[in-house]
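Report on the structure given below.
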Amino acid sequence: MKRILSILFLATAFVAGASAQQLEKLFDKYMEDERFNYVYQKKASTYDRLSDMGGNVDIMMFDRSKASLGRQMLTLNSADKSLQESFTREVDNALKADKYEQVSIVRNGKNRVESYEKVTPKSTAKVSFIKNPGNIVVTLNLYAPKK
């Protein structure tokens with residue numbers, strides 16, 4: 001009986017760990033796909049950090065509690081509607097699987113920008129998901145608390 005419980009516990013831990021990284025797997029999946037532009041930046045610049053904070057200089061000057069762990073960006077370069085729809089579904093499913101919280105939505109006609117955030121004791125992840133007809137962009141910014 002103890003073995004069965006141990007196996008079930010390990011299986012549950014494995015499944016939870018595997019599903020926690022869906023968005024990062026999405027970046028790995030499409031980073032070499034020629035239909036996408038891929039950008040990786042190990043450490044965000046001051047300008048990038050300022051834009052992450054909504055341009056609020058006061059927050060930038062006083063909030064030194066987080067260190068950048070890097071950022072990634074995928075931009076879809078295809079006018080294929082079915083690819084746009086399937087990629088959008090993949091991103092939405094990854095955000096749900098990784099339990100990101102939606103923190104803002106900006107919509108103007110068919111253009112839409114959604115912001116998501118996930119805070120854990122080890123890191124803070126911020127995602128921007130831009131859904132414009134013919135232009136879909138996903139950015140992932142990771143931050144760790146400074147010690």
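Filtering segment 65-89 to residues that are under 18 Å from residue 31 (Cβ atoms) and hydrophobic (A, V, I, L, M, F, W, C) leaves 69, 73, 74, 76, 83, 87.
Screening residue 88 with (1) out of contact with any Phe, Trp or Tyr (no Cβ under 6 Å at 6 or more places or on another chain); (2) in a strand (DSSP E or B); (3) under 17 Å from residue 73 (Cα atoms) gives one miss only, at (2). Can you tell me which residue is modelled with the lowest pLDDT among those in segment 31-64 that are touching a strand residue (DSSP E or B) at 6+ places or on another chain (Cβ under 6 Å) and more than 16 Å from residue 130 (Cβ to Cβ)? My answer is 44.
The values are calculated or read from the model by the stated rules, or taken from the named source; none is laboratory data. This one's a predicted model, so the numbers in the text were calculated from it and none came from an experiment. Counting neighbours? That spans all protein chains shown, and the Cβs are built from the backbone with ideal geometry, glycine included.
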